[in-house]
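What follows is a set of notes on a single structure, which appears directly below.
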Amino acid sequence: MMTRTLPIFATLLLGISAAAFLESPGFDTSPRVLPPLNTDTTALFSGSGNCETCHAAAAGANWSSAWGDVSQIQLWQGSMMANSARDPYWQAQVTGEVALFPQHQSAIEDICTTCHAPVGRTQAHYNGQTYYSLAQLQGQPIALDGVSCTACHQIQDVNMGSPLSYNGNYVITNLRTVFGPFVAQFPNVMETWPKVNYTPDSSAHVRRSEMCATCHTLITESLDSTGAVVGHYFEQVPYIEWKNSVYESQQVECQTCHMATLGEPIRVSSLPSMVLPRDSVHFHDFVGGNSFMLRLMKDHAGLIGGTFNPSSIDTAIERTERLLKHRSIDMNVTTQLDGDSLHIEVFLQNRTGHKFPTAYPTRRAWLHVKVRSLSGDVVFESGAYDSNGVITGEDPGFEPHHGEIRSGDEVQIYEIVAGDYYGQVTHALLKAYVPLKDNRLPPAGFLTAHATYDTVRIVGEAEADADFNHEASVEGSGSDRIRYVVAVGQPVQVAVELVYQSINPRSLDHLFTFSTPEIDAFESMYLAADKAPVVMRVFETTITSVTSSPSLPGSFRLYQNYPNPFNASTSIAFDWPENAEIELAVYNLLGERVRLLASGYRGAGRAVVHWDGRSDKGGALASGMYLVRLRVGRENQARKVLLVK
């Protein structure tokens with residue numbers, strides 16, 4: 001049964017071009033603003049500014065006809081990777097852990113800089129130091145380069161995929177070799193260039209998930225209240241989650257999503273001028289899900305010593321939110337009135353290769369469901385939140401997983417909650433001992449029988465929920481289905497949002513009980529920030545009639561859009577009678593897809609989507625005739641729509 005039902009999820013990402021996958025407009029083309037990138041060197045590393053000499057957009061290199069400046073330097077500088085050592089939240093969190101366990105300060109700072117400041121920490125250990133500190137980091141500009149060019153590209157293919165490589169146990173030596181996916185055309189250029197002096201070599205490991213796993217698999221020691229080690233905790237394990245999915249067997253790697261391929265050949269170096277274009281070049285944007293911290297760092301670039309071009313971080317923010325909104329989770333909502341009871345069913349499908357939300361434990365997503373009368377009065381609301389991202393009605397300890405919700409003080413929150421050695425909820429990373437809840441949406445193919453399951457298991461009420469990670473009683477769907485039952489006696493408007501948050505405010509309530517220069521600085525930045533969470537998916541409908549019982553569509557059908565012709569926006573309704581992979585897209589008359597409106601595996605139902613006349617890249621399309629095509633499984637239907645301006 002698994003081979004019949006699950007590979008369809010994996011094929012979603014295979015062979016997708018950058019334009020189709022990332023849905024982003026052209027990249028920044030403005031010149032760099034001061035301060036410049038670092039050009040220092042150490043025995044092992046060279047600053048990113050030295051790489052910029054050849055790997056910026058210049059002389060026909062690193063330039064795409066479709067995307068503009070796609071240089072490694074331009075994209076990297078606006079990423080969380082480039083700013084990992086300057087990240088004020090990370091620095092605050094490290095000093096908060098030290099405040100709890102001052103006797104372990106040296107070890108805490110050394111471990112935490114392993115992946116956030118690999119240049120400084122690796123060089124220090126190479127020099128014979130046992131520990132590396134935050135104080136040292138602040139005084140070393142090259143270390144503040146974060147996860148830089150010569151940090152990543154010097155990692156050797158040693159112990160890849162093995163637990164020996166986890167927790168930042170990457171191998172960098174004085175080999176003076178930088179690894180990439182291509183055979184070097186002119187290796188002597190890098191070997192002789194001032195402040196560079198590396199030999200380029202090709203290695204397949206730079207394209208594999210195991211490369212990312214060296215830092216993104218973090219297993220920490222658990223401490224009791226005295227600071228004694230009492231166990232260990234799987235703090236961040238997206239690679240192991242990926243192992244328990246369909247994506248590994250399909251060779252859909254971390255880089256497939258987070259560093260999509262360009263889709264056209266380009267020259268990756270401006271020197272020498274004879275360098276030939278390469279195929280399958282990866283974007284070096286490392287797009288993730290943390291647009292909140294990107295915005296905060298942009299707003300406080302001077303305070304954190306940022307060397308990024310502000311417009312590059314704008315591009316990173318936009319691409320991050322496009323990935324969150326369009327390529328992470330599919331949501332399908334069906335509604336029915338049965339007498340005076342309104343039934344709302346929300347179906348969520350995880351399209352990522354790991355749990356969602358993943359990695360850092362303060363991330364969470366939840367459903368906000370609001371039912372209003374036609375006059376605007378709120379009849380029912382679950383998951384409301386204020387301007388600080390605080391959820392109304394959330395349980396004081398933590399909110400359990402729900403299969404059905406009937407009360408507004410219940411809310412479906414997808415998250416991991418850590419417990420300490422004594423079984424109490426904790427927001428201190430080093431106190432985390434056991435998960436008390438983990439109902440994050442698993443990836444497709446996630447199985448309890450998999451060898452990794454004890455590491456990445458489902459915890460709490462979700463474990464017994466027949467609709468969680470099951471579809472038609474088959475395990476591994478990577479989905480959840482939740483039902484809301486609301487008493488109404490009138491026509492109503494229904495709105496459903498899927499909301500994402502990078503930092504749970506409750507974790508900051510704990511952090512802000514301490515006072516260090518780093519915590520105080522971050523707190524001032526945070527209080528001034530826009531803390532509104534990211535709304536990933538939205539569904540809205542008005543229900544005016546009552547049916548005797550819920551029913552499903554009896555046939556596959558794409559309805560004519562309304563209004564047609566249209567100007568600002570139009571609505572497109574469609575039915576599908578059984579669970580299936582669906583795709584609703586807009587094409588121009590040349591057969592080119594210009595907008596993906598809906599896609600993913602969904603339970604049978606009816607949906608209405610709205611099209612604003614814009615393309616996947618966000619630009620307004622020209623007036624004219626377009627085709628809307630619905631594909632459900634192997635069936636297709638199309639309708640002509642007319643955009644008039």
Single unsatisfied condition, Ala622 versus (1) in contact (Cβ under 8 Å) with a residue 60 or more places away in the chain; (2) among the small types (Gly, Ala, Ser); (3) open to solvent by 50 Å² or more (accessible area, probe 1.4 Å)
(1)
Of the conditions (1) open to solvent by 60 Å² or more (accessible area, probe 1.4 Å); (2) out of contact with any Asp or Glu (no Cβ under 9 Å at 6 or more places or on another chain); (3) not in a strand (DSSP E or B), Asn636 satisfies every one except a single condition; which number is it?
(3)
Does region 415-428 include one or more residues that are out of contact with any Phe, Trp or Tyr (no Cβ under 9 Å at 6 or more places or on another chain), open to solvent by less than 30 Å² (accessible area, probe 1.4 Å) and over 24 Å from Ser225 (Cβ atoms)?
no
Return yes or no: is Ala85 open to solvent by less than 10 Å² (accessible area, probe 1.4 Å) and either touching a residue at least 60 places away in the same chain (Cβ under 8 Å) or closer than 29 Å to Ser280 by Cα (or both)?
yes
A careful count of residues in region 500-547 that are over 24 Å from the mean Cα position of the chain (by Cα), in a strand (DSSP E or B) and buried (at least 16 other Cβ atoms within 10 Å of the Cβ) gives 2
Among what's in region 453-487 and is closer than 22 Å to Gln336 by Cα and open to solvent by 10 Å² or more (accessible area, probe 1.4 Å), pick the residue that is nearest to the chain's Cα centre (by Cα).
Arg481
Within region 90-132, work out how many residues are farther than 23 Å from Cys149 by Cα and in a helix (DSSP H, G or I).
16
Here are some residues: Ile108, Ile142. Which one is modelled with pLDDT of 95 or more, of a type in the set (A, V, I, L, M), within 17 Å of Gly306 (Cα to Cα) and surrounded by 17 or more Cβ atoms within 10 Å (Cβ to Cβ)?
Ile142
Hey, can you tell me all the residues within region 396-422 that are within 25 Å of Arg457 (Cβ to Cβ), at pLDDT 95 or above, assigned to a loop (DSSP other than H, G, I, E, B) and not hydrophobic (A, V, I, L, M, F, W, C)?
Glu399, Pro400, His401, His402, Gly403, Glu410, Gln412, Glu415, Asp420, Tyr421, Tyr422
Which of the residues that make up region 240-293 are open to solvent by 40 Å² or more (accessible area, probe 1.4 Å), more than 16 Å from the chain's Cα centre (by Cα) and hydrophobic (A, V, I, L, M, F, W, C)?
Leu271, Met274, Leu276
Among strands (runs of 3 or more DSSP E) lying entirely in region 301-390, which contain 3 or more residues that are open to solvent by 30 Å² or more (accessible area, probe 1.4 Å)?
329-338, 341-350, 378-382
Determine whether region 33-48 contains at least one residue that is among the polar types (S, T, N, Q) and at pLDDT below 95.
no
Pairs where the first residue, in region 215-234, is under 25 Å from Ile172 (Cβ atoms) and the second is among the charged types (D, E, K, R) and open to solvent by less than 40 Å² (accessible area, probe 1.4 Å), C-beta under 8 Å, 6+ apart:
Leu218/Glu235; Ile219/Glu235; Thr220/Glu235
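Conditions tested, residue by residue: (1) open to solvent by less than 60 Å² (accessible area, probe 1.4 Å); (2) of a type in the set (S, T, N, Q); (3) more than 20 Å from Thr114 (Cβ to Cβ).
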residue: Thr173; (1), (2), (3): yes, yes, no
residue: Pro187; (1), (2), (3): yes, no, yes
residue: Ser202; (1), (2), (3): yes, yes, yes
residue: His205; (1), (2), (3): yes, no, no
residue: Arg208; (1), (2), (3): no, no, yes
residue: Thr214; (1), (2), (3): yes, yes, no
If I filter region 219-228 for residues that are open to solvent by less than 70 Å² (accessible area, probe 1.4 Å) and either under 30 Å from Ser46 (Cβ atoms) or assigned to a helix (DSSP H, G or I) (or both), do I get at least one hit?
no
So His354 passes all but one of these: (1) in contact (Cβ under 8 Å) with a residue 60 or more places away in the chain; (2) more than 22 Å from Asp480 (Cα to Cα); (3) not charged (D, E, K, R). Which condition number does it fail?
(2)
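The values are calculated or read from the model by the stated rules, or taken from the named source; none is laboratory data. Just so it is clear, the model here is predicted, and its values are computed rather than measured. Ideal geometry is used to build each Cβ from the backbone, glycine not excepted, and the neighbour counts take in all protein chains shown. Just so you know, the surface numbers come from the protein's heavy atoms only, side chains and all, with ligands and any DNA or RNA stripped out. Shrake-Rupley method; radii C 1.70, N 1.55, O 1.52, S 1.80 Å.
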